[in-house]
Amino acid sequence: MHELSPCTIRAAEDDVTVVGFVRAFEGDTLTIGSEDLVRGLAAGGDVTVQVLDEVRGECLYAGFVQRVAGDQVEIADVDLVATLQKREVARVRTSVPCRGVVTRPAEVFLEALDDDHAPHPGGEHDLDFTVLDISAHGMRVLARDTVPVGSVIRFEFPELDAPFLLAAVVVRVQESRTGMHYGCRFEGTTDREADALFAYVMRTQGAQRRERLRI
């Protein structure tokens, strides 16, 4: 259970946090790996472990450190404290090209009608963009076109198993050397769509982690 799911260990008494992933969960012992050497945790110390699981969501466990060895920690006497479908905390970096349709806010559309130099005089236009990171609740994208805050991007994310038509509202804009970065929040997503996005995030995180471990 939970194999390769991302997790965070927090010491009960000290201000120590270790980010890692689940290597194994056998009986009441949770084995956690890290991409760096584990520092700050000592055998016998009480800890909590937050695990983000693709199916079960956020699971919070309590236990004590049984062993620390290099990049691995064993947590013993593990008890489940709480579960919570807290999908908004899970986000994955990616680089997925997409094409969608942008609908601009009414006030921007009216201004464009009076501007002979407006790049897109219509209320809607196609947009090519790259998804830089994504969660079940939003995404950050890179595009060359100017998209005002409040605009809605409708598109299909090709990495999902089903062809869902997603709607994302642009909530912030940041200029970069390679184009414009847009922070977007999904709106009107169904439970099935949110579940599919969350499953993609967890699946991709696991694949990226396995790839790093092979390096």
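The values are calculated or read from the model by the stated rules, or taken from the named source; none is laboratory data. Quantities reported herein were computed from a predicted structural model and do not represent experimental measurements. No Cβ is skipped: glycine too gets one built from the backbone with ideal geometry, and neighbour counts run over all protein chains shown. Side chains included, ligands, DNA and RNA excluded: accessible areas come from the protein's heavy atoms. Shrake-Rupley method; radii C 1.70, N 1.55, O 1.52, S 1.80 Å.
Odds and ends about this structure:
- Tilt relative to the chain, helix 191-214 - C-alpha long axis, 0 to 90 degrees, to 10: 60 degrees
- Whole-percent carbon and sulfur share, accessible surface of the chain, 1.4 Å: 47 percent
- With both labels modelled 7 Å from their Cα along Cα-to-Cβ, the residue 3 to residue 211 distance reads 2.1 nm.
- Charge dipole magnitude, Cβ of K and R +1, D and E -1 - the range 5-84, Cα centre, debye nearest 20: 100 debye
- Cα-centre dipole for the chain with unit charges at Cβ (Lys and Arg positive, Asp and Glu negative), debye to 20: 480 debye
- Accessible area per residue in Å² at 1.4 Å probe, computed on the chain: 55 Å²
- Rough spin-label spacing in nm, given labels placed 7 Å along Cα→Cβ, for residue 133 and residue 145: 2.5 nm
- Relative compactness, the chain, computed as alpha-carbon Rg over 2.2 N^0.38 Å: 1.26
- The Cβ shell under 13 Å around residue 101 holds other residues with a net charge of -2, Lys and Arg each +1, Asp and Glu each -1.
- Extents of the range 5-84, taken as max minus min of Cα coordinates on every principal axis and listed largest first, are 30, 25, 23 Å.
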